[in-house]
Amino acid sequence: MKSIKSLFCSLIVVLVLVGCSNPVDSDSSIPKKEHAELAVLWQQHSGEYKALSHQAFNLAALRIMAFENTQDKPLAIITDVDETVLDNSPYSGMQIKEDQDYTKETWVEWGKLQRAKPLPGSVKFFNLADSLGIEIFYISNRYNVQLGETVANLKAMNLPNADTSHVFLRTTSSEKQARRDRVLETHEVVLYMGDNLSDFSDVFDNQSTESRNQLVEDMQASFGDKFIVFPNPMYGDWESKGIYENNRGWTNEQKDSIRFSKLVSF
C-alpha cells in the first residue's frame, strides 16, 4: 500500500497540472534551473563526459578513414556546433547561479564573448578530416546575428573551415533540413554529428518523446555509422519538446511537477 506521503505527493502533482494549458505567473520559490545543476557539473567536471566525447570522435575517425567515396562529389561532414564542437556549459552555469531561464539576449551575450572551448577530441578530429580532404559544414541553431562571433570562436579554437561559406546558422526556422540539403547538392556527406536527434534527420523534428524513442529503435543501425551522437544532459529537444511536451508556457511549479510525474520509479 502506498504511504500517505506518496499519495499526497501524487495528489499535488495532479492538482498542479490541472489547468496547465492556461498557466499563470506566480512568485515561485522554486529556482528556475537548479534542477540542471548536476547535469552541468557532470559535463564540466566528470572524466566520464570527457571519455564519451573522445569515444565519439575516435569512432568518427575510424568511420572517415574507412570511407570509400563512390560518387563524383567532394566529401563533407555536417556537424552541429553547440555541445558537439563547442562547450557552452558556462552559459548553463550562469543560468543556475543567476536563477535565469534561457533568453535570446543572454545567449547572444555569451556568444559575443567567444569563450566557448572545444569538446575533448574535437580539434584533433576535425583537423584529421581536413587533412583527408573532407570539408566541415557547421549547421547550428545559433541566431544568424551571431555569425561573426561564431566563426571567430571556431577559428580561435583552430577548427578548419571556420568561415561564412561553411557555417550555416538559423535564419527563419530552427529546422535544419534545408541547410543540410544545401550541402548535399554539392557534396557526399560522410558523417552527421550532433547532440540532438534533429541534427541528423528531419524525421526527428517536432516529435513526441515516444516517437523519438521509437525512431531511434527503427534507425539503430545508423548510430555509430552515419550518425555520431554526443551527450548533452543540460538541455535539448528531449527536454523542451519531450518532457515539457513542446509547451513553453509552463510555470516553474508546473515544470517541477511535470519532471516529478515523469520519473520512473518502483
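Observations
- (1) 43.9, 146; (2) 18.1, 56; (3) 20.2, 69, with the label sought being that of the calculated Rg and Dmax of the Cα atoms in Å: (3)
- Taking a straight Cα-Cα cut-off under 19 Å and skipping sequence neighbours fewer than 8 places away in the same chain, the aspartates and glutamates within cross-link reach of Lys117 are Glu48, Asp80, Asp82, Glu83, Asp87, Glu109, Glu149, Asp163, Asp195.
- For the chain, calculated [θ]222 nm from helices alone, where every DSSP H run of n ≥ 4 adds -39500 (n - 2.57): -12500 deg cm²/dmol
- Label-point separation in nm, Leu263 to Ile243, each point 7 Å along Cα→Cβ: 1.2
- Protection proxy ranking, peptides 63-69, 117-123, 225-231, average beta carbon neighbours within 10 Å, highest first: 117-123, 225-231, 63-69
- Entries in Lys73/Lys176; Lys112/Lys155; Lys112/Lys241; Lys104/Lys262; Lys73/Lys226; Lys226/Lys262 that, when Cα-Cα distance is taken, lie over 24 Å: Lys112/Lys241; Lys104/Lys262; Lys226/Lys262
- Here the stretch 115-266 is assigned +1 on the Cβ of each Lys and Arg and -1 on the Cβ of each Asp and Glu. Its dipole about the Cα centre then comes out at about 540 debye.
- Label-to-label distance, nm, for residues given as Asp202 and Tyr102 (7 Å Cα→Cβ offset): 2.2
- Between the stretch 201-253 and the stretch 38-115, the alpha-carbon center distance in angstrom: 16
- To the nearest ten degrees, helix 4-17 and the longest principal axis of the Cα atoms of the chain are 70 degrees apart.
Readers should treat all values here as calculations from the given coordinates under stated rules, not as data from a laboratory. Note that the coordinates shown come from a computational prediction; the quantities given were computed from them, not determined experimentally. Cβ sites come from the backbone with ideal geometry, for glycine too, and all protein chains shown count toward neighbours.
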